[in-house]
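Report on the following structure.
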Amino acid sequence: MIIERTMHDRWLSNTWLVGDEPGGHAVIIDTGGPMAPIVERLEAERLTLTHVLCTHHHHDHVAHNGDYRARFGCAICGGAAEQEFFGDLDRELSDGDEVVSGNLHVRAVHIPGHTAGQLGFQVNDARVFTGDTLFRGSVGGTRAPGHTTFEDIHHSIMEVLMRLPPDTEVYPGHMEPTTIRREWEENPFVRYWRGIDTQAEQRCTAYGEPAVLLLTSPDYDGGTKCQVRFADGTHAVVPGSRVRAP
């Protein structure tokens, strides 16, 4: 299998090119990264690009959708629940739908939380592309535009992704690849949700609202990501930059 990544130098968002074999077929997952190296690899490997698969609608993941369609005539595919935000999908995908490109068999996996229609893409059962749900050492936030709930992202990670085989390779929407095994054993959020690690609770404000800080952990961008509990009992995963503690 052929895999190529580009990453935007400011957004840190990844574009993933996945091809079955030289002279074969390929898909692209998210289009926020630089386009030129992807095009060069497509041409070098003589790959036919058939689909762009969008994990979600945020601009840092769809910036070059139109450019790829115009150049290669590929189909743009994304979550049916986010059709109103994409506006120009060639195919709407829901949980369990399959996209076939040559010898690539890609299954859409609904993993909401960061956004309502967030999709992961499981490729030939050995690799999963997780968008902004699961990162190496961190997880997606639940206060981004189009977000749903903490319960959703917790379920998406613990009951969907963490149930994949441990050796499944994980290719996130930002930064470096990882594996399910590594995140099960080392991801601070997963360890906290498993009850392995704890942190002392601390009063704080999050987005200006009174809250309790439950967990602080390094994030992919060099900042921090926090889990907080608001006064009404709801939880959220938020950027550390939006949390203020005494």
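Pairing residues of the stretch 96-124 that are among the hydroxyl-bearing types (Ser, Thr, Tyr) with residues that are at pLDDT 95 or above and part of a strand (DSSP E or B), at Cβ distances under 7 Å and at least 6 apart in sequence or on separate chains, gives SER101/HIS25; SER101/ALA26; SER101/VAL27; SER101/THR50; SER101/HIS51.
All conditions in (1) over 25 Å from ALA126 (Cβ atoms); (2) surrounded by 13 or more Cβ atoms within 10 Å (Cβ to Cβ); (3) hydroxyl-bearing (Ser, Thr, Tyr) hold for THR198, with the sole exception of (2). Condition check for THR179 on (1) free of Cβ contacts under 8 Å to residues at least 12 places away in the same chain; (2) farther than 15 Å from HIS56 by Cβ: one failure, at (1). Has the stretch 176-198 got any residue that is more than 30 Å from ASP95 (Cα to Cα) and of a type outside the set (A, V, I, L, M)? Yes, because at least one residue in the stretch 176-198 is more than 30 Å from ASP95 (Cα to Cα) and of a type outside the set (A, V, I, L, M). Taking strands (runs of 3 or more DSSP E) as the structural unit, those lying wholly within the stretch 1-70 and holding at least 2 residues that are surrounded by fewer than 18 Cβ atoms within 10 Å (Cβ to Cβ) correspond to 2-7.
One residue stands out among those in the stretch 102-128 that are small (Gly, Ala, Ser) and within 13 Å of ILE29 (Cα to Cα): the one that is nearest to the chain's Cα centre (by Cα), which is GLY120.
Applying the set (1) closer than 27 Å to PHE85 by Cβ; (2) out of contact with any strand residue (DSSP E or B) (no Cβ under 6 Å at 6 or more places or on another chain); (3) modelled with pLDDT of 95 or more to GLU185 leaves exactly one unmet item: (1). Taking the criterion of being at positive phi and out of contact with any Pro (no Cβ under 9 Å at 6 or more places or on another chain), the residues of the stretch 127-186 that qualify are GLY146, MET175. Every listed requirement among (1) surrounded by fewer than 23 Cβ atoms within 10 Å (Cβ to Cβ); (2) among the small types (Gly, Ala, Ser); (3) assigned to a strand (DSSP E or B) is met by GLY120 save one, (1).
Residue under question is ARG163, and the condition is that it be among the basic types (Lys, Arg), outside the structural domain of PRO246 (by TED's automatic domain parsing) and loosely packed, with under 15 Cβ neighbours inside 10 Å; does it hold? When the stated conditions are applied, ARG163 passes them.
Of the residues in the stretch 162-177, at least one is polar (S, T, N, Q) and over 14 Å from the mean Cα position of the chain (by Cα).
The values are calculated or read from the model by the stated rules, or taken from the named source; none is laboratory data. Because the structure is predicted, anything quoted here is derived from the model rather than measured. All Cβ positions, glycine included, derive from the backbone under ideal geometry; neighbour counts span all protein chains shown.
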